[in-house]
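Notes for the one structure printed next.
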């Protein structure tokens, strides 16, 4: 059996948090149309999701900083990292604004931008390895 390293723990926590943040948005987005017919259920589901999503986003930020310190990106990898960080900001800010939105249009726009940001950050994170 391979030894468990601190790097394994760091990457595991980052991937787990990304799974919750990105996968949860995809799952909730797929469920919302089915939940709309039941008054208040969509809001309850979103509120419950936020209880795990925001801590996961925090873990992503912390392990992301840890990843940057461990990897020491330079050259093209540093540029890719900067692009990823831009999408991380887009995802987090949009998700926050989505949670504050009061209109269906606001919910749709901020929700879509948050998901696009999350998916793009995930893509560039995979590219960085």
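A short reminder: the numbers here are calculations on the coordinates, not readings from a lab. No experiment lies behind these values; they were computed from the predicted model shown.
How far is helix 24-35 tilted, in degrees, relative to the longest principal axis of the Cα atoms in the chain, given as a value from 0 to 90 rounded to the nearest 10?
The angle comes out near 10 degrees.
Contact order normalised by length for the chain, with contacts defined as Cα pairs under 8 Å and 6 or more residues apart; what percent is it?
27 percent
Any chance you could give the angle, 0 to 90 degrees and rounded to 10, that helix 41-71 forms with the longest Cα principal axis of the chain?
Between the helix axis and the principal axis of the chain, the angle is about 10 degrees.
Give me the Kirkwood hydrodynamic radius of the chain, using the inverse of the mean 1/r over all pairs of distinct Cα atoms, in Å to one decimal.
15.7 Å
Quick one: helix 76-100 against the long Cα principal axis of the chain, what's the angle to the nearest 10°, folded into 0 to 90?
Once rounded, the angle reads 20 degrees.
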